[in-house]
1. Over segment 62-172, what relative contact order in percent results from Cα pairs under 8 Å that are six or more residues apart?
2. Express the relative contact order of the chain as a whole percentage, based on alpha carbon pairs under 8 Å and six or more residues apart in sequence.
3. Set the Förster distance to 25 Å, then compute FRET efficiency between ARG88 and LEU113 from the Cβ-Cβ distance, nearest 0.05.
4. Please work out the Cα center distance from segment 190-213 to segment 97-127, rounded to the nearest Å.
5. Please give, to one decimal in nm, the separation of the simple spin-label points placed at ALA55 and ILE73, each 7 Å out from Cα toward the Cβ.
6. Rank these for me by crowding, CYS200, CYS122, CYS57, going from fewest to most other beta carbons within 10 Å.
7. Have a look at GLU192, GLU208, GLU80 and tell me which one the Gaussian network model of the chain (Cα, springs below 10 Å) gives the largest fluctuation.
8. Roughly how tilted is helix 197-214, in degrees to the nearest 10 and between 0 and 90, from the longest Cα axis of the chain?
Amino acid sequence: MTSSDASPVSRPELEIPLSGGKITEGVVRVGDTVRRPVGPHSPFVHRLLRHFEDAGCDAAPRLLGTDDKGREILSFQPGETVTDFQARDWSPAQITAAARLLRRLHDAAAGTLIAGSEETVCHNDFSPLNVTFTDGLPVSAFDFDQAAPAPRTRDLAYAAWLWLLGADIAAPLDRQLALLRTFLDVYGLEDEHRRDFGWCIVARVEDELDMHERAGRITAPGTWLHNEIAWLKEHADAIATVPHP
């Protein structure tokens, strides 16, 4: 048998671990796809991603099926991800792009069967860690594992905290509040939802703390989330006074 008679040896596709996100493990890139473990919430996420595709919303990955290891296959979203977002002082252009991105996701799901009786479907972890950046601007979101029908303000409150507010944010408070106004203005949040927005953020982060405690990730006062909630309560009234232009 000559070498030309031999059958080609198939080589396993290279799997490259991906950064971004803090909870989901085992996420890898294979070629132009991303492979992620499935879980109890995956059927809803798959419905949501298919809905985004049907609606022509390119701000989320496409669902391409499952592989021979039972992992979901998603389209790879080119761009950069961040890991140390609290040390950043975001520019108005970046915050504008983030607000537009979140609004696109909400508008694509609002008033649809997948949102049910709720206003829209919230990502529920719209963090800089779960966004891809192109030329420094956020262009698409990923990691919809916590997505669920909910009011828009649930996502807005959580995103405002993760992007702009907190004791460890590099920017001073007046800078944080100025960028918050940009974020809410660009998104188009109405005045009626701004009056208690600071306390809406507090309630949303307390929900997050409760979720982590039930999952056994946080067990004692004095941890980061406890400290963040204390800071948010201290500044809730100032946050609530951010006006509409």
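Here, each number is a calculation from the coordinates, and none is a lab measurement. Remember, predicted model here, so these are calculated numbers, not experimental data. Reconstructed Cβ throughout: ideal geometry from the backbone, glycine too, with neighbour counts over all protein chains shown.
1. Values: 157 pairs, mean separation 32.7, N = 111.
It comes to 29 percent, rounded to a whole number.
2. Working: 357 pairs, mean separation 39.6, N = 245.
Normalised by residue count, the contact order of the chain is 16 percent.
3. On the way: r = 38 Å, r/R0 = 1.51.
That pair, ARG88 with LEU113, gives E of 0.10.
4. With segment 190-213 and segment 97-127 each reduced to a Cα centre, they are spaced 17 Å.
5. 2.6 nm
6. Values: CYS200 22, CYS122 27, CYS57 16.
The order, fewest Cβ neighbours first, is CYS57, CYS200, CYS122.
7. The residue that fluctuates most here is GLU192.
8. 50 degrees
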